[in-house]
């Protein structure tokens, strides 16, 4: 027998979104952090770049931690008891607008990631070739 869909189950099912955003933010932070090693801190432009990268990486790490915490709380809500809902309050134009905006934002994110994928794969291949192979770091080529 199929279990009844509840708001808690819906919240738990949506936990994958902030978890994926957390992983992407943490990955970008890590990329910035390792990039900084290539910079010459004695050169003015490189020192400025280093400062920006370090500040951005720190912010991304904080954001990733918050997103991961939200994802964990969402996932833990799977057995949240279903509360009484006022259907008149949940079937209004502002609720429709909020959900439409949410769906549009996810669509925009998907398009952004798809557009970046080709360039990112090309850069990954170039770095992989310089480093010396497809399995560097213990991860196979995507």
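The values are calculated or read from the model by the stated rules, or taken from the named source; none is laboratory data. Since we're looking at a predicted model, the values are computed, not measured. Note that we place each Cβ from the backbone using ideal geometry, even for glycine, and neighbour counts take in every protein chain shown.
Has the range 78-85 got any residue that is under 21 Å from residue 113 (Cβ atoms) and either surrounded by 12 or more Cβ atoms within 10 Å (Cβ to Cβ) or in the same structural domain as residue 127 (by TED's automatic domain parsing) (or both)? Before the answer, list the steps.
Filtering the range 78-85 down to residues under 21 Å from residue 113 (Cβ atoms) leaves none.
No, there is no match, as no residue in the range 78-85 is under 21 Å from residue 113 (Cβ atoms) and either surrounded by 12 or more Cβ atoms within 10 Å (Cβ to Cβ) or in the same structural domain as residue 127 (by TED's automatic domain parsing) (or both).
Just to check your reading of the model, which residue among 17, 36 is crowded, with 16+ Cβ neighbours inside 10 Å, without any contact (Cβ under 8 Å) to a residue 40 or more places away in the chain and not assigned by TED's automatic domain parsing to the domain that holds residue 109? Outline the logic, then answer.
Values: 17 fails: without any contact (Cβ under 8 Å) to a residue 40 or more places away in the chain.
None of the other options fit; the residue is 36.
Please work out which residue is surrounded by the fewest Cβ atoms within 10 Å (Cβ to Cβ), limiting yourself to the range 113-139 and to residues that are at pLDDT below 90 and more than 24 Å from residue 21 (Cβ to Cβ).
In the first step, residues of the range 113-139 are kept if they are at pLDDT below 90; the result is 132-139.
If we keep only those that are more than 24 Å from residue 21 (Cβ to Cβ) as well, we get 132-136, 138.
Details: 132: 8, 133: 9, 134: 12, 135: 10, 136: 13, 138: 5.
This residue is 138.
Under 6 Å between Cβ atoms, at least 6 apart or on separate chains: pull out the pairs that start in the range 75-99 with a residue that is within 19 Å of residue 14 (Cα to Cα) and end on any residue that is assigned to a helix (DSSP H, G or I).
As it stands, the answer is 75/12; 77/8; 77/11; 77/12; 78/8; 78/9; 78/12; 80/8, since those pairs meet every condition given.
Residues that are on the phi < 0 side of the Ramachandran plot, assigned to a helix (DSSP H, G or I), at pLDDT below 95 and not assigned by TED's automatic domain parsing to the domain that holds residue 17: does the range 90-109 have at least one? Can you show your working first?
Taking the range 90-109 as the starting set, the residues that turn out to be on the phi < 0 side of the Ramachandran plot are 90-109.
With the extra rule that they be assigned to a helix (DSSP H, G or I), the set shrinks to 90, 93-109.
Among the residues that remain, those that are also at pLDDT below 95 are: 90.
When the remaining residues are screened for being not assigned by TED's automatic domain parsing to the domain that holds residue 17, the result is 90.
Yes: the range 90-109 contains one or more residues that are on the phi < 0 side of the Ramachandran plot, assigned to a helix (DSSP H, G or I), at pLDDT below 95 and not assigned by TED's automatic domain parsing to the domain that holds residue 17.
Testing residue 106 on (1) in contact (Cβ under 8 Å) with a residue 12 or more places away in the chain; (2) surrounded by 12 or more Cβ atoms within 10 Å (Cβ to Cβ), one condition comes back false. Which one is that?
(2)
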